[in-house]
Amino acid sequence: MMHSASATLPARRTAGAALAQGVIDTPLGPLTALACDAGLMGLWFDRQQHAPGALDAAVDDDQRWIAQARDELERYFAGRLRAFKVPLAPQGTPFQEAVWRRLCAIRCGETSSYGRIARDVGSPQASRAVGAAVGRNPISIIVPCHRVIGENGTLTGYAGGLHRKQALLDVEGVVLAPGARHQAQADLPLA
């Protein structure tokens, strides 16, 4: 059974599934996509922290989940999509996958904190472990780790760069507390 970003993530294993990779251009830079028969497995910005590097997968920009992700991301950046539907198939530990499922529950235009997510996944003392799992999210934007901010409402790290995190929150209409934008604003690329 396939699941979408708005529901739960699928089972951990995709053994035997054909892998495909492709590039998706966005206003924030290109994303490398990895997909299998079950769904999208990865979506990484160039030079993103924890990105896997070169992928051992055939290049197929028209693979159905890569094509669907491309279409949905185009509509997202145009302000015409608030919930992704592309099936997801990320690979991680059971704890990471629990955190990533919780990230998928954060609605577009809303934010959460590491502490709140730790409580929601049943590990209230595990804010740092949640932070590590969030940082290793393999599906940028669609599994919305950019919606996680500090308890005090400030921007915190983002594997794709704080300037991208700020830009994604801007696309979604999130207003941060005064002073929370200063570092990210300085990092934003000039158009």
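Can you pull out the GluC sites (Glu not before Pro) in region 47-126 whose DSSP state is coil and whose Cβ has at most 14 other Cβ atoms within 10 Å?
Passing both the DSSP loop test and the Cβ count: GLU110.
In whole Å, what three semi-axes, largest first, describe the equivalent ellipsoid of region 103-176 built from its Cα gyration tensor (square root of 5 times each eigenvalue)?
Working: eigenvalues 69, 32, 26 Å².
That gives 19, 13, 11 Å for the three semi-axes.
What does the charge count around TRP44 come to, taking other residues whose C-beta lies under 12 Å from its C-beta (Lys +1, Arg +1, Asp -1, Glu -1)?
+2
Please work out the average accessible area per residue across region 11-117, using the 1.4 Å probe convention, and give it in Å².
Averaged over the residues of region 11-117, the accessible area is 49 Å².
Considering the alpha-carbon set of region 14-112 alone, what are its Rg and its Dmax in angstrom?
Cα radius of gyration and Dmax of region 14-112 are 13.6, 37 Å respectively.
Taking the alpha-carbon centroid of each part, what is the distance from region 45-101 to region 121-146 in angstrom?
Each part's Cα centre sits 16 Å from the other's.
If you add up the charges near GLU72, with Lys and Arg at +1 and Asp and Glu at -1, over every other residue whose beta carbon is less than 12 angstrom from its beta carbon, what do you get?
It works out to a net charge of +3.
Carbon and sulfur together cover what percent of the accessible area of region 59-190 at a 1.4 Å probe radius?
That share works out to 51 percent.
The values are calculated or read from the model by the stated rules, or taken from the named source; none is laboratory data. Not measured: the values here are computed from a predicted model. For neighbour counting, all protein chains shown are included, and Cβ atoms are generated from backbone atoms with ideal geometry for every residue, glycine included. Heads up: the accessible areas ignore ligands, DNA and RNA and are worked out on the full protein's heavy atoms, side chains in. Shrake-Rupley method; radii C 1.70, N 1.55, O 1.52, S 1.80 Å.
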